[in-house]
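The next block holds one structure in the form of structure tokens; read it before the comments.
The values are calculated or read from the model by the stated rules, or taken from the named source; none is laboratory data. None of the values given here were measured: they were computed from a predicted structure. Cβ sites come from the backbone with ideal geometry, for glycine too, and all protein chains shown count toward neighbours.
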Amino acid sequence: MISTVGSQVGVPVDGADRFVRRGDVDVHELDGEAVLYDLVLNTTCRLNGTAYFVWQCCDGKMSVDDICAAILSRFDVGGAVARRDVRMAVSAFWESGLVERMDDGVVA
Amino acid sequence: MPADRLAAFAEAAEVAHFQIGVIGVSLHCPYGPALRDFCSLYDDCRVEVPPPDAIRVDVKPTRLGRMKRRRYEVWADDEHRFTVWNNPSVLPHIEWAINWHIMLYQPRYYQIHAGVVECDGQGVILPAGPGCGKTTLTAGLVRSGWRYLSDEFALIDPDDLRLRAYPKALCVKEGSFAVLDAMGLRAARRRDYQKGQKGRVTFVKPSELNPSAIGGRCPVRFVMFPKFEAARSPRVREMSRAEAVLRLNEVSFNFTKYRAAGVQIMADIVREARVFELDAGPVDETVELVRSVVRG
């Protein structure tokens, strides 16, 4: 799903968790995929179409469960796959420092 | 001849200036064979006076130890680059010093490690690390009539995202000598040299591949990442543009100078280009394949 983010995907996320994209990450959309460049860490990663959609949903308002619902309405996948993929993606974003969790005192 | 004129002549005989595409070079080299070979490779780039912002390369012969063994110190703009212990190594290390200097001190251009050719005004870059067959494939494409910009540097002007030419002599490693010979370029291999751990190399003057070889400013229309394997039929696979940006990043020489602007440049370039993975095989078949893709 995500080519270079999170080689060790495994930080647990809860369905009610909400995440917000960091503002200091440049986004370059290319044919529905995206290249992210972290201005602080000087790292680059590629998101495929689904991961990019999840990334866009990380607005600090949608919960992980909300994002799963959005995935189900947009892509032809089953609920279990959507839950797994969204959690993997969000977990990888979080682990890579590309998003922040709202519970950690972040204001969307 | 008066002493002052004699001194001036001697000085002049050791110095030559070149404008190699967008790169200026002033070579100060008292070791005659290396200077002569360099002048021979770049005779169509010779200029009378040092170009503005020319890289000054000095080759300083010294003797060391009780046996007074000769060695050469190669400097670029007053920075020591190499100590060379034998004569056949001098020319490759001059070239290496120039390339190194471009990588470090030529921020004017975004630099990607790539062979670069042009066909009908369309720039084709072949980005890859060492040993992936860039130079051999570049030579084959130029031999087939395409124009040459470089076998080592894709220099991209950030202002207009166009390629600029640095048409250096092609540096061919020993493993590809037979390929050169098969292209009818045995005569272009004037002399073999020793380039440190890279082993034996030779240099080919671009105009010997194709008399109207030198290309100019052009947009990037194709990006092909070559990977060479001798015993396979060549093939291409169109790849995702996002993946291409990451791959270009891996072979950018001066990404750390550009950072966010560099990612923007690469994204803008691939938006306007078709991007491929190229499984390169025998050079003639690979050249035909690349030609057919580019010419549609």
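Looking at B:Leu185, B:Leu161, which one is outside the structural domain of B:Cys45 (by TED's automatic domain parsing) and closer than 26 Å to B:Glu250 by Cα?
B:Leu161
Which residues, counting only those in the stretch A:41-63, are of a type in the set (Val, Ile, Thr) and either closer than 15 Å to B:Gly262 by Cα or in contact (Cβ under 8 Å) with a residue 40 or more places away in the chain (or both)?
Result: A:Thr43, A:Thr44, A:Thr50.
Can B:Arg70 be described as outside any loop (DSSP other than H, G, I, E, B) and more than 16 Å from B:Phe203 (Cβ to Cβ)?
Yes.
Restricting attention to the stretch B:268-281, does a residue exist that is without any contact (Cβ under 8 Å) to a residue 40 or more places away in the chain and either under 17 Å from the mean Cα position of the chain (by Cα) or within 14 Å of chain A (Cβ to nearest Cβ) (or both)?
yes
Would a scan of the stretch B:253-276 turn up a residue that is in a loop (DSSP other than H, G, I, E, B) and of a type in the set (A, V, I, L, M, F, W, C)?
Within the stretch B:253-276, one or more residues are in a loop (DSSP other than H, G, I, E, B) and of a type in the set (A, V, I, L, M, F, W, C).
Under 7 Å by Cβ, and 6 or more places apart or on different chains, what pairs join a residue from the stretch B:35-56 that is in contact (Cβ under 8 Å) with a residue 12 or more places away in the chain with one that is crowded, with 17+ Cβ neighbours inside 10 Å and among the basic types (Lys, Arg)?
As it stands, the answer is B:Leu41/B:Lys205, since those pairs meet every condition given.
I need the full set of residues from the stretch A:26-59 which are in a helix (DSSP H, G or I) and either at the interface with chain B (Cβ under 10 Å from one of its Cβ atoms) or hydrophobic (A, V, I, L, M, F, W, C) (or both), in order please.
A:Gly49, A:Ala51, A:Tyr52, A:Phe53, A:Val54, A:Trp55, A:Cys57, listed by residue number.
Can you name every residue in the stretch B:227-243 that is modelled with pLDDT of 90 or more and charged (D, E, K, R)?
B:Lys227, B:Arg235, B:Arg237, B:Glu238, B:Arg241, B:Glu243
State which residue is surrounded by the fewest Cβ atoms within 10 Å (Cβ to Cβ) when the search covers only the stretch B:247-257 and only residues that are in contact with a helix residue (DSSP H, G or I) (Cβ under 9 Å, 6 or more places away or on another chain) and within 11 Å of another protein chain (Cβ to nearest Cβ).
Here the answer is B:Thr256.
Take the conditions touching a helix residue (DSSP H, G or I) at 6+ places or on another chain (Cβ under 7 Å), among the hydroxyl-bearing types (Ser, Thr, Tyr), surrounded by fewer than 19 Cβ atoms within 10 Å (Cβ to Cβ) and outside any loop (DSSP other than H, G, I, E, B) and apply them to B:Ser176. Does it pass?
no
Any idea how many residues of the stretch B:200-237 are without any contact (Cβ under 8 Å) to a residue 60 or more places away in the chain and in a helix (DSSP H, G or I)?
Qualifying residue count, the stretch B:200-237: 1.
Given the conditions (1) within 14 Å of chain B (Cβ to nearest Cβ); (2) surrounded by 14 or more Cβ atoms within 10 Å (Cβ to Cβ); (3) out of contact with any Ser or Thr (no Cβ under 8 Å at 6 or more places or on another chain); (4) at pLDDT 95 or above, and given that A:Ala69 satisfies all but one, which numbered condition is not satisfied?
(1)
From the residues in the stretch A:14-25 that are surrounded by 20 or more Cβ atoms within 10 Å (Cβ to Cβ) and out of contact with any Cys (no Cβ under 7 Å at 6 or more places or on another chain), which one is farthest from the other protein chains (Cβ to nearest Cβ)?
Within the stretch A:14-25, the match that is farthest from the other protein chains (Cβ to nearest Cβ) is A:Arg18.
Any residue in the stretch B:108-119 that is farther than 24 Å from B:Val245 by Cβ, in contact (Cβ under 8 Å) with a residue 12 or more places away in the chain and either buried (at least 23 other Cβ atoms within 10 Å of the Cβ) or under 18 Å from the mean Cα position of the chain (by Cα) (or both)?
There is no residue in the stretch B:108-119 that is farther than 24 Å from B:Val245 by Cβ, in contact (Cβ under 8 Å) with a residue 12 or more places away in the chain and either buried (at least 23 other Cβ atoms within 10 Å of the Cβ) or under 18 Å from the mean Cα position of the chain (by Cα) (or both).
For residues that are among the basic types (Lys, Arg) and not in a strand (DSSP E or B), scanning just the stretch B:1-49, find the one that is modelled with the highest pLDDT.
So the residue we want is B:Arg36.
If you go through the stretch B:270-292 one residue at a time, how many are surrounded by fewer than 16 Cβ atoms within 10 Å (Cβ to Cβ) and touching a Lys or Arg at 6+ places or on another chain (Cβ under 8 Å)?
2
For the stretch B:189-199, does any single residue satisfy the condition of being aromatic (Phe, Trp, Tyr), crowded, with 16+ Cβ neighbours inside 10 Å and part of a loop (DSSP other than H, G, I, E, B)?
Scanning the stretch B:189-199 turns up no residue that is aromatic (Phe, Trp, Tyr), crowded, with 16+ Cβ neighbours inside 10 Å and part of a loop (DSSP other than H, G, I, E, B).
Hey, among B:Ile102, B:Ile125, which residue is in a strand (DSSP E or B), under 17 Å from the mean Cα position of the chain (by Cα) and either hydrophobic (A, V, I, L, M, F, W, C) or surrounded by fewer than 23 Cβ atoms within 10 Å (Cβ to Cβ) (or both)?
The unique qualifying residue is B:Ile125.
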